[in-house]
1. Consider Asp277 carefully, then state whether it is in contact with a strand residue (DSSP E or B) (Cβ under 6 Å, 6 or more places away or on another chain), surrounded by fewer than 19 Cβ atoms within 10 Å (Cβ to Cβ), acidic (Asp, Glu) and in contact (Cβ under 8 Å) with a residue 60 or more places away in the chain.
2. Please find, within the range 290-343, the residue that is surrounded by the fewest Cβ atoms within 10 Å (Cβ to Cβ) out of those that are farther than 27 Å from Val206 by Cβ and of a type in the set (Gly, Ala, Ser).
3. Filter the range 238-274 down to residues that are of a type in the set (S, T, N, Q) and not in a loop (DSSP other than H, G, I, E, B) and give me whichever is most open to solvent (accessible area, probe 1.4 Å).
4. With respect to Ser214, is the statement that it is of a type in the set (Ser, Thr, Tyr) and over 30 Å from His307 (Cβ atoms) true?
5. Just give me the residues in the range 226-269 being of a type in the set (Val, Ile, Thr) and either within 19 Å of the chain's Cα centre (by Cα) or closer than 22 Å to Gln66 by Cβ (or both), in sequence order.
6. Which numbered condition trips up Arg287, out of (1) crowded, with 18+ Cβ neighbours inside 10 Å; (2) among the charged types (D, E, K, R); (3) over 17 Å from the mean Cα position of the chain (by Cα)?
7. Just to verify a result, which residue in the range 151-190, among those that are part of a loop (DSSP other than H, G, I, E, B) and open to solvent by less than 10 Å² (accessible area, probe 1.4 Å), is farthest from Ser265 (Cα to Cα)?
8. Here are the criteria: (1) open to solvent by less than 10 Å² (accessible area, probe 1.4 Å); (2) assigned to a strand (DSSP E or B). Tell me which single one Ala116 does not satisfy.
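The values are calculated or read from the model by the stated rules, or taken from the named source; none is laboratory data. Predicted model only: the values in this text are computed from it and were never measured. Please note: Cβ atoms are built from the backbone with ideal geometry, for glycine as well, and neighbour counts cover all protein chains shown. Side chains included, ligands, DNA and RNA excluded: accessible areas come from the protein's heavy atoms. Shrake-Rupley method; radii C 1.70, N 1.55, O 1.52, S 1.80 Å.
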Amino acid sequence: MPGSLSCLLRKSIPLSGSFRTLRSFRRLLIGLLLLAIVSTGGNARAGWRAHALVVNSLGGALGSAQDKAFFRPFAAQKGFGILRYVWDGTPQPRTAHGTGHAWTVALMEDSTVRAACMQGTLLRLGGAPGSADACGVPALREGIALAWDRGRIPVAPHWSDFWNVVRYPGKRGLRKDPRSTLEIALMADGVAPADVYAVLGTPEGVARAFRKLSQLRPYIVWWTSPAESARIIGNGSVLMTSAAGGEVAAAGTGQRDVGLQWEQSLDEGLSWGVAPDLDRAALDRARSLLHFMAQPEQVARFAGLYHAHPDGSAAQPLPMDASFWQEHLPDLSRRFADWLAAP
């Protein structure tokens, strides 16, 4: 409230009856102003929403960092809204969950981007026809590491220890998806990181990975989002879990003392995809946002808010092979679903 108006109110309004305090009057005044806005500004708000850029992201600390580094500054600079929704990373359908708004830009794993590009469910941003590399704009690389409860295990465990429920009794967390989960199973079974995809590309290697998972089945707590991977280790639901490193790091010291083992970690690429059926205005807004997020100032700001990898670690993560998963994800997803459904 402007100072002059505040002074005028203090001098002219008797503080008695139902307006016994100035605070009560201010509340009424604010209510009347809001009512006026609702009555007269509906068209403006409807226009704001109609022109808003709908972004699907993965939520958690990652989504909060994107809000601060990208979406809020961009909206303030451009003068139109950004509506961010949390989704599961699947590019179909194009309606943001529970909103009725069709998404414009979406964050997803590189393997998903490649598959969607070939299926025509993402806008081809360049490159040769038939290429799977032309639909995604790189966003970040997320580290998937072994997170554990330091209060119960003082020394950093490895994936082989992850399977040792005799020495380390307790629940284990794994992603409810063959991606990352099968690579971890093979590394726990003694496969060198450099050989993981060569082994997983054979029927024998696939069978080996699922045999290893079967050994751990009674102890597994499944997670389906990066934020959930951090939550289940932070709240004590599991003793150890595969987890998004950035989400665990963002949880800070408010949870249990959680450690991250970066040896034999995975390095997953995430990219932005653009919906294929946008009108010219929506496409211009999408491209403008992608350009804004690529600016060094915004990249640096985001990196200061979300730490997907440790600083100064000597560990060499295994890059997740997006081409491998583009080719094998349909078959391995069916195999994984069958394994989950088996008694």
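1. no
2. Of the residues in the range 290-343, the ones farther than 27 Å from Val206 by Cβ are 290-314.
Then drop every residue that is not of a type in the set (Gly, Ala, Ser), which leaves 294, 300, 303-304, 308, 312-314.
Numbers: Ala294: 13, Ala300: 11, Ala303: 13, Gly304: 11, Ala308: 23, Gly312: 4, Ser313: 15, Ala314: 7.
Only one residue tops the list, namely Gly312.
3. Here is the first cut: in the range 238-274, the residues of a type in the set (S, T, N, Q) are 241-242, 253, 255, 261, 264-265, 271.
From what is left, the residues that are not in a loop (DSSP other than H, G, I, E, B) are 241-242, 253, 261, 264-265, 271.
Working: Thr241: 0, Ser242: 0, Thr253: 137, Gln261: 21, Gln264: 58, Ser265: 4, Ser271: 8 Å².
Looking at residues that are of a type in the set (S, T, N, Q) and not in a loop (DSSP other than H, G, I, E, B), I get Thr253.
4. Yes; evaluated as a whole, the condition is true for this residue.
5. Here is the first cut: in the range 226-269, the residues of a type in the set (Val, Ile, Thr) are 232-233, 238, 241, 248, 253, 258.
Within the range 226-269, Ile232, Ile233, Thr241, Val248 meet the criteria.
6. Every listed condition holds for Arg287 apart from (1).
7. Ile153
8. Against the list (1) open to solvent by less than 10 Å² (accessible area, probe 1.4 Å); (2) assigned to a strand (DSSP E or B), Ala116 comes up short only on (2).
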